[in-house]
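Visitor: Before I ask anything, here is the structure I am working with.
The values are calculated or read from the model by the stated rules, or taken from the named source; none is laboratory data. Note that the coordinates shown come from a computational prediction; the quantities given were computed from them, not determined experimentally. Neighbour counts are summed over all protein chains in view; Cβ atoms, including those assigned to glycine, are modelled from backbone coordinates with ideal geometry. For accessibility, only protein heavy atoms count, side chains too; no ligands or nucleic acids. Shrake-Rupley method; radii C 1.70, N 1.55, O 1.52, S 1.80 Å.
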Amino acid sequence: NGSLNKIGFLLDCKLFENFSAYDNLKLFSMYSNCSIENIDQRIVELLIFVGLDNNTKAVKTYSFGMKQRLGLALALLDEPEFLILDEPFVGLDPVGVSILMDYIVKVRREKGVTVLISSHQLHEIEEICDYFLIVQNKHVRLLNGGDESKIIIELESQNEQLKVKLSELTDIDGDKIILPYNIGLLNAVLKNIYLLDGDIKKIEMTDTIK
């Protein structure tokens, strides 16, 4: 039971449609015997984290994307170390997919949670995952086993806004941005450097980080 308590999940999320986001989290904490001591503070923090703070409307008025973010907050309520997301992008429009992807990355980077995602939308998986597998004919085929290759971007200059944005996407060591060999992630990093007036000094790929 101790191990199970460390696992959160977003499967087929069932919500109390006539209650607010806060009340949904409060009710869930009561029924699940949540171990968090100051649960009210925890709920407020999670609603801020998923962008639903100060929202007192009934959940039935929410868009599907907002419901998915509330489901993510529910999954994080008891501070899990491992999070399972089953088809989290199904039913979302492109904007909703992008927003939810950003929150999933935040879960991993800011809360240190390991995330397991099952999805048929392989492009999104490639964008945000370090490792991914494909199941074909009842067999698991390794697509990406954690290639040790890294891309290192050295900046000539950066501002605070750029630094904050890049730290949400990948690791930063001073003026060096370190990211796994992932074209989607590389494109996102380069786009933000361009939009936020960064200046690139050098880009290199290496098998090990010294």
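Visitor: Can you tell me which condition I36 does not meet? The list is (1) farther than 22 Å from V189 by Cα; (2) open to solvent by 40 Å² or more (accessible area, probe 1.4 Å); (3) not charged (D, E, K, R), and all the others hold.
Guide: Of (1) farther than 22 Å from V189 by Cα; (2) open to solvent by 40 Å² or more (accessible area, probe 1.4 Å); (3) not charged (D, E, K, R), only one is false for I36: (2).
Visitor: Suppose we keep only residues that are hydroxyl-bearing (S, T, Y) and under 16 Å from the mean Cα position of the chain (by Cα) within the range 52-105. Which one would you say is farthest from Q121 (Cα to Cα)? Can you show your working first?
Guide: First, the residues of the range 52-105 that are hydroxyl-bearing (S, T, Y): 56, 61-63, 98, 103.
Subset that is under 16 Å from the mean Cα position of the chain (by Cα): 98, 103.
Details: S98: 13, Y103: 17 Å.
The extreme case among them is Y103.
Visitor: Output the residue which, of all residues in the range 133-154 that are modelled with pLDDT under 75 and open to solvent by less than 40 Å² (accessible area, probe 1.4 Å), is nearest to D175 (Cα to Cα).
Guide: Applying the filter and picking the extreme gives S149.
Visitor: So which residues in the range 82-111 are part of a loop (DSSP other than H, G, I, E, B) and open to solvent by 60 Å² or more (accessible area, probe 1.4 Å), if there are any at all? Steps first, please.
Guide: Our first condition is that a residue be part of a loop (DSSP other than H, G, I, E, B); within the range 82-111, this holds for 87-93.
Result: V90, G91, D93.
Visitor: Checking F49 against (1) surrounded by 20 or more Cβ atoms within 10 Å (Cβ to Cβ); (2) out of contact with any Lys or Arg (no Cβ under 6 Å at 6 or more places or on another chain); (3) within 16 Å of V113 (Cα to Cα); (4) of a type outside the set (D, E), only one condition comes out false. Which one?
Guide: (1)
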